[in-house]
Amino acid sequence: MKCLTIIGARPQFIKAAVVSRAIRHNENIEEIIVHTGQHYDNSMSDLFFAEMTIPKPKYNLGICNLSHGAMTGQMLEQIEKIIWHEQPDIVLVYGDTNSTLAGALAAKKLHVKVAHVEAGLRSFNMNMPEEINRILTDRISDILFCPTQTAMNNLQKEGLGNMSCQILNCGDVMYDAATFYASQSRKPTEEIPPKFILCTVHRAENTDNEKILRSILKALEQLSENIPVLIPLHPRTKAKLTAIQYDFDNSKIHFIAPVGYLEMIFLLQHCELVMTDSGGLQKEAYFFHRNCVTLRNETEWIELVTNGFNSIAGVETDNIICTVQKVMKQNPDYSVDLYGDGNAGQKIVNHLSLCCGQDKIR
């Protein structure tokens, strides 16, 4: 079986590292990796590939810094050409990016099977481009690899259980990654405070709206008066802060350069709390037994909220501060199993391997 893997952004690098490692130990599957280039900071992209030993992509499309429509359209055009040339048996896509949707559409238009890793997630916020991408990808996929029972339930409620596709709960590949790479964590080269809150802000709905961005920053500034808020500054966020003339020199927030996955694990292992608008980091906080405050009005990972590991703070300054103060006092039971047994990648590859030589994957 020839498997064409489409990736383009940091979370997909992490997930693909897990599955690609399992594929390399399976003689029945040949993997060809396509990097769309959606993650527009090349140094960050190269770092993740190197430290996670992801096989070098055969194709790097370099498509970035475009509008959603232009980016998705160019990816669709280029991936279609690759599919024609490579003639894969299946196209493997991850998550909810433009790369995900473009890969799935290109494959489906050419009657090539699609497998979606991290299927079934829903924020129920149609203003999020990611929500549109994941819904459309799920609808046209042949194999839906879900990370949780909640994701399975979402697909069943949408009627996909009555369609000609397979829906499997394999666990979360990001949990596989966390357990595999935990012992390889590496301290960032920049100075790190002895106690700190780890924070990331990068989503368009937070960074593209100056009022929201300033509201979040105001909360982070006030919190930093008691304990430093450390932000590995995403290139996109840095550009937005520069555009609104944010005063970096006099900020109480502790900004550092973007970090690789192994450095992020170190920060997770040593922080007091996680604040983020990232879906992946919400889970990673749980994996490393750190309470999390989400800087959004909703989350796809509702089991984290239900079990007390994550609290939704929204984007208003006072709400963020109050939520952080409350969460810092909480001590939830992290023995609860939410994301599988750490073998999601192997389960995915085992299932794909069973399809080898079959005319129909369904």
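The values are calculated or read from the model by the stated rules, or taken from the named source; none is laboratory data. Computed from a predicted model, the values in this text were never measured in an experiment. Ideal geometry is used to build each Cβ from the backbone, glycine not excepted, and the neighbour counts take in all protein chains shown.
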Q | Residue check, residue 152 under 22 Å from residue 280 (Cα atoms) and surrounded by fewer than 19 Cβ atoms within 10 Å (Cβ to Cβ) | A | no
(Q) Which count do you get for residues in the range 293-312 that are part of a strand (DSSP E or B) and in contact (Cβ under 8 Å) with a residue 24 or more places away in the chain? (A) 2
Q. More than 24 Å from residue 147 (Cα to Cα), out of contact with any Pro (no Cβ under 7 Å at 6 or more places or on another chain) and at pLDDT below 90, is that true of residue 109?
A. no
Q) Restricting to the range 73-94, what's the tally of residues that are farther than 16 Å from residue 29 by Cα and surrounded by fewer than 24 Cβ atoms within 10 Å (Cβ to Cβ)? A) 11
Q: Can you confirm whether the range 165-173 contains a residue that is in contact with a Gly (Cβ under 7 Å, 6 or more places away or on another chain), in contact (Cβ under 8 Å) with a residue 60 or more places away in the chain and surrounded by fewer than 17 Cβ atoms within 10 Å (Cβ to Cβ)?
A: no
(Q) So, in the range 200-216, how many residues would count as being buried (at least 19 other Cβ atoms within 10 Å of the Cβ) and either in a helix (DSSP H, G or I) or of a type in the set (Ser, Thr, Tyr) (or both)? (A) 5
Q) Looking at residue 201, is it more than 17 Å from residue 253 (Cα to Cα) and touching a strand residue (DSSP E or B) at 6+ places or on another chain (Cβ under 8 Å)? A) no
Q. Can we say residue 324 is within 16 Å of residue 203 (Cα to Cα), touching a helix residue (DSSP H, G or I) at 6+ places or on another chain (Cβ under 9 Å) and of a type in the set (A, V, I, L, M, F, W, C)?
A. no
Q: For residue 341, state whether it is in a loop (DSSP other than H, G, I, E, B) and either acidic (Asp, Glu) or over 26 Å from residue 165 (Cβ atoms) (or both).
A: yes
Q: Please indicate, with yes or no, whether at least one residue in the range 244-252 is in a loop (DSSP other than H, G, I, E, B) and either under 19 Å from the mean Cα position of the chain (by Cα) or surrounded by 22 or more Cβ atoms within 10 Å (Cβ to Cβ) (or both).
A: no
Q: For the range 237-286, name all the residues that are in contact with a Phe, Trp or Tyr (Cβ under 8 Å, 6 or more places away or on another chain) and closer than 22 Å to residue 204 by Cβ.
A: 241, 248, 255, 279, 282, 283, 285
Q) Under 7 Å by Cβ, and 6 or more places apart or on different chains, what pairs join a residue from the range 1-17 that is in contact (Cβ under 8 Å) with a residue 60 or more places away in the chain with one that is among the charged types (D, E, K, R) and part of a helix (DSSP H, G or I)? A) 2/86; 4/86
Q: Scan the range 261-289 residue by residue and report those that are over 19 Å from residue 188 (Cα atoms) and either in a loop (DSSP other than H, G, I, E, B) or touching a Gly at 6+ places or on another chain (Cβ under 8 Å) (or both).
A: 277, 278, 289
Q: Give the residues of the range 302-357 that are under 21 Å from the mean Cα position of the chain (by Cα), β-branched (Val, Ile, Thr) and surrounded by fewer than 16 Cβ atoms within 10 Å (Cβ to Cβ), sorted by residue number.
A: 306
